[in-house]
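A.B. asks: Handing you a structure now.
The values are calculated or read from the model by the stated rules, or taken from the named source; none is laboratory data. What you are looking at is a predicted structure, and each value in this text was computed from that prediction instead of being measured. As a convention, Cβ positions derive from the backbone with ideal geometry for all residues, glycine included, and neighbour counts pool all protein chains shown. Surface areas here come from the heavy atoms of the whole protein model, side chains and all, with no ligands, DNA or RNA. Shrake-Rupley method; radii C 1.70, N 1.55, O 1.52, S 1.80 Å.
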Amino acid sequence: MTIDSSMLSITAEDVRTLMRRHLSEEFDAVRRREIREQFAAEHIVPLRGMCPPEIFDAIRDEACRLIDRHGASHDLVFDITDNTPRTMTTVGQPVIKDEGPLIDAFYFSDDLLSMVGEVVGEPVHTCPYAGEHYVVSRLGKSGDTHGWHWDDYTYGIILVLEAPHYTEGGFVQAVPNTSWDKENPDVHGALLSSQVRSYALEPGDAYVVKTNTTMHRVYPIRGDGRRTIVNMTLASTDDLTRPMTHETNDALFGGVRDPRDAG
């Protein structure tokens, strides 16, 4: 593992400890109830200031270093999501596992799992497919976008590390209560039949999405905006026994290095 000397003052154990304290202090019973109610209504909810400020810079720097060193650029469309675009730079789970101990500790935090489970109203689990544990992506130039799509697993939590002002794009849009037919995807039908909601996020925020039934995208970057995030997949209990495929994840993020990690 290659670890930059600038992050040695923050350890994986610090991440776990500070997450526990921060979530306890900043997300009290009233705030948690409001978040649960919004998620129940919209199937997506921002978690403002989710990342403890004591570790935010270290996690952001870790992610940015990884993407600067290892980022793979993509300009693709996917038939499986009705030819929506993916124009972005990405780093996949194997590299992050080797060189991103803080991101790894954030994802595997028991307090994170407990918090998300409380938000969505059921237990959640780390993803059984290692390739979808966590990935880093960046939209860094005008036109970059993560186009309309759904995900196989039920839940995702996205940590925002860099974000432009909403006038420069990069905000999230979501359409709840939709379905993904991989044989006949219909993005435009979903847009016509459902309400589109938009959410502007700031660095340090996170958001939880019911990703398997909420079509979502990131609005294209305009001008000089830049958006860097860690996308983390979480599974419902039902997901643990359902057959899954990972077409778009593997194309964008490289899947798993060792087939034994595929679950």
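A.B. asks: Out of the residues in region 65-91 that are assigned to a strand (DSSP E or B) and open to solvent by 30 Å² or more (accessible area, probe 1.4 Å), which is farthest from Val187 (Cα to Cα)?
C.D. replies: First, the residues of region 65-91 that are assigned to a strand (DSSP E or B): 72-78, 84-91.
With the extra rule that they be open to solvent by 30 Å² or more (accessible area, probe 1.4 Å), the set shrinks to 72-77, 85, 89.
Numbers: Ala72: 26, Ser73: 24, His74: 21, Asp75: 19, Leu76: 17, Val77: 13, Pro85: 12, Thr89: 23 Å.
Once the filter is applied, the top-ranked residue is Ala72.
A.B. asks: To continue, here is another question. Of the residues that make up region 175-196, is at least one assigned to a helix (DSSP H, G or I), among the small types (Gly, Ala, Ser) and modelled with pLDDT of 95 or more?
C.D. replies: Taking every residue of region 175-196 in turn, at least one turns out to be assigned to a helix (DSSP H, G or I), among the small types (Gly, Ala, Ser) and modelled with pLDDT of 95 or more.
A.B. asks: Next question, about the same structure. Considering only region 88-106, state which residues are of a type outside the set (D, E, K, R) and under 29 Å from Val77 (Cα atoms). Show your work before the answer.
C.D. replies: The initial filter retains those residues of region 88-106 that are of a type outside the set (D, E, K, R), namely 88-96, 100-103, 105-106.
Of everything in region 88-106, those that are of a type outside the set (D, E, K, R) and under 29 Å from Val77 (Cα atoms) turn out to be Met88, Thr89, Thr90, Val91, Gly92, Gln93, Pro94, Val95, Ile96, Gly100, Ile103.
A.B. asks: Leu252 passes all but one of (1) open to solvent by 30 Å² or more (accessible area, probe 1.4 Å); (2) assigned to a helix (DSSP H, G or I); which number fails?
C.D. replies: Evaluating Leu252 over (1) open to solvent by 30 Å² or more (accessible area, probe 1.4 Å); (2) assigned to a helix (DSSP H, G or I) leaves (1) as the failure.
A.B. asks: Taking into account only those residues within region 43-55 that are buried (at least 18 other Cβ atoms within 10 Å of the Cβ) and not β-branched (Val, Ile, Thr), which is farthest from Ile221 (Cα to Cα)?
C.D. replies: Initially, region 43-55 is screened for residues buried (at least 18 other Cβ atoms within 10 Å of the Cβ), giving 43-47, 50-52, 55.
If we keep only those that are not β-branched (Val, Ile, Thr) too, we end up with 43, 46-47, 50-52.
On the way: His43: 24, Pro46: 20, Leu47: 22, Met50: 24, Cys51: 24, Pro52: 27 Å.
Residue satisfying both the conditions and the ranking: Pro52.
A.B. asks: Hey, another quick one. Given Asp61, Asp98, which one is under 18 Å from Glu162 (Cα atoms) and either in a helix (DSSP H, G or I) or open to solvent by 50 Å² or more (accessible area, probe 1.4 Å) (or both)? Show your work before the answer.
C.D. replies: Details: Asp98 fails: under 18 Å from Glu162 (Cα atoms).
None of the others qualify; the one that does is Asp61.
A.B. asks: What's the number of the only condition in (1) of a type in the set (A, V, I, L, M, F, W, C); (2) part of a strand (DSSP E or B); (3) open to solvent by less than 20 Å² (accessible area, probe 1.4 Å) that Trp148 fails to meet?
C.D. replies: It fails just one condition, (3).
A.B. asks: Would it be correct to say that Ser73 is without any contact (Cβ under 8 Å) to a residue 24 or more places away in the chain and more than 19 Å from Tyr219 (Cβ to Cβ)? Step through it out loud before you land on a result.
C.D. replies: Details: without any contact (Cβ under 8 Å) to a residue 24 or more places away in the chain: yes; more than 19 Å from Tyr219 (Cβ to Cβ): yes.
Yes: the conditions hold for Ser73.
A.B. asks: So, in region 220-239, how many residues would count as being out of contact with any helix residue (DSSP H, G or I) (no Cβ under 8 Å at 6 or more places or on another chain) and not in a strand (DSSP E or B)?
C.D. replies: 5
A.B. asks: Does Pro185 meet the test of being within 14 Å of the chain's Cα centre (by Cα) and either over 30 Å from Pro52 (Cβ atoms) or surrounded by fewer than 18 Cβ atoms within 10 Å (Cβ to Cβ) (or both)?
C.D. replies: It is false that Pro185 is within 14 Å of the chain's Cα centre (by Cα) and either over 30 Å from Pro52 (Cβ atoms) or surrounded by fewer than 18 Cβ atoms within 10 Å (Cβ to Cβ) (or both).
A.B. asks: Here is a follow-up. State all residues of region 102-137 that are part of a helix (DSSP H, G or I) and surrounded by fewer than 19 Cβ atoms within 10 Å (Cβ to Cβ); if no residue qualifies, say none.
C.D. replies: So in region 102-137, the residues part of a helix (DSSP H, G or I) come out as 102-107, 110-120, 130-132.
Across region 102-137, the qualifying residues are Asp110, Asp111, Leu113, Ser114, Gly117, Glu118.
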